[in-house]
Amino acid sequence: MLLFKILLALLPFFPQTDNWQRVQTDEKISFLLPNVPQKTKEIIQGIPSSIYVAKDLTCIAGVVCSDLSPKKVQLTEETALLFYEGLKNSTMNIENAMIKRESTVPYENMLIKEIEYTIIKDDYEMTYFKRFIFRENYIYQIVIGGRTRHSEILKKEKDIFFNSVSFLPDAEKKN
């Protein structure tokens, strides 16, 4: 019985890859989430967005897919950088957010920016990793986070999550 209690206590310290669910979207992207995702749709300033969110014992992960087509905006490197600065600033507008790292992820034919930041939530320090992907006429915001004290697990789950992202051609779009 004691061994069982110890195993249960250690369970949150191991990444759970068994429950990860593959999501293929109408927004030309596919990814794994650490559980069955909840999906919502919103229109913000005339831009339709689909939001996918899931969580497990140690982290919460989500993807926001925003389609710029209705706004007739063409994503170029310059406009993508402007959108990135605006999205990064709105992310950092959380009262106690502090950016830890900012980088560009090298990738052909799209701009990918990544930030790592912390916030204090309910007296706990939380760490988040967020990628902004600008591809064709879509902006994808991909984020995973959890308590900073679980940073080793969070980094492993971040690698699973970020490395699972793939892009679908129009003919393969699924829901």
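The values are calculated or read from the model by the stated rules, or taken from the named source; none is laboratory data. Nothing here was measured: the structure is a model prediction, and the numbers come from that model. All Cβ positions, even for glycine, are placed from backbone atoms using ideal geometry, and neighbour counts span all protein chains on display. Side chains are part of the model used for accessible areas, which takes the heavy atoms of the whole protein and leaves out ligands, DNA and RNA. Shrake-Rupley method; radii C 1.70, N 1.55, O 1.52, S 1.80 Å.
May I ask you to list pairs of residues, at least six apart or on different chains, whose Cβ atoms are under 7 Å apart, with the first in segment 47-63 being without any contact (Cβ under 8 Å) to a residue 24 or more places away in the chain and the second being open to solvent by less than 50 Å² (accessible area, probe 1.4 Å) and outside any strand (DSSP E or B)?
Within 7 Å, the pairs are Val53/Pro37; Lys55/Pro34.
Could you figure out which of (1) modelled with pLDDT of 95 or more; (2) touching a helix residue (DSSP H, G or I) at 6+ places or on another chain (Cβ under 9 Å); (3) closer than 24 Å to Arg22 by Cα isn't true of Glu102?
Condition (3) is where Glu102 drops out.
For Tyr117, indicate whether it is at negative phi, of a type in the set (Phe, Trp, Tyr) and under 17 Å from the mean Cα position of the chain (by Cα).
It is true that Tyr117 is at negative phi, of a type in the set (Phe, Trp, Tyr) and under 17 Å from the mean Cα position of the chain (by Cα).
Quick check on Leu32: is it in contact (Cβ under 8 Å) with a residue 60 or more places away in the chain, in a loop (DSSP other than H, G, I, E, B), open to solvent by 20 Å² or more (accessible area, probe 1.4 Å) and out of contact with any Pro (no Cβ under 6 Å at 6 or more places or on another chain)?
no
From the set of residues in segment 1-21 that are under 14 Å from Lys55 (Cα atoms) and open to solvent by 50 Å² or more (accessible area, probe 1.4 Å), which is modelled with the highest pLDDT?
Gln21
Which of the following residues is under 28 Å from Glu27 (Cα atoms), in contact (Cβ under 8 Å) with a residue 12 or more places away in the chain, open to solvent by 30 Å² or more (accessible area, probe 1.4 Å) and assigned to a helix (DSSP H, G or I): Ile94, Ile160?
Answer to the check: Ile160.
Quick check on my filter: what residues within segment 44-74 are surrounded by fewer than 18 Cβ atoms within 10 Å (Cβ to Cβ), under 23 Å from Thr25 (Cβ atoms) and hydrophobic (A, V, I, L, M, F, W, C)?
Ile44, Ile47, Ile51, Val53, Ile60, Val73
Looking only at segment 78-85, decide whether some residue is open to solvent by 40 Å² or more (accessible area, probe 1.4 Å) and among the acidic types (Asp, Glu).
Yes: segment 78-85 contains one or more residues that are open to solvent by 40 Å² or more (accessible area, probe 1.4 Å) and among the acidic types (Asp, Glu).
Here are some residues: Ile142, Ile115, Ile153. Which one is within 20 Å of Lys28 (Cα to Cα) and surrounded by 15 or more Cβ atoms within 10 Å (Cβ to Cβ)?
Unique residue meeting the criteria: Ile142.
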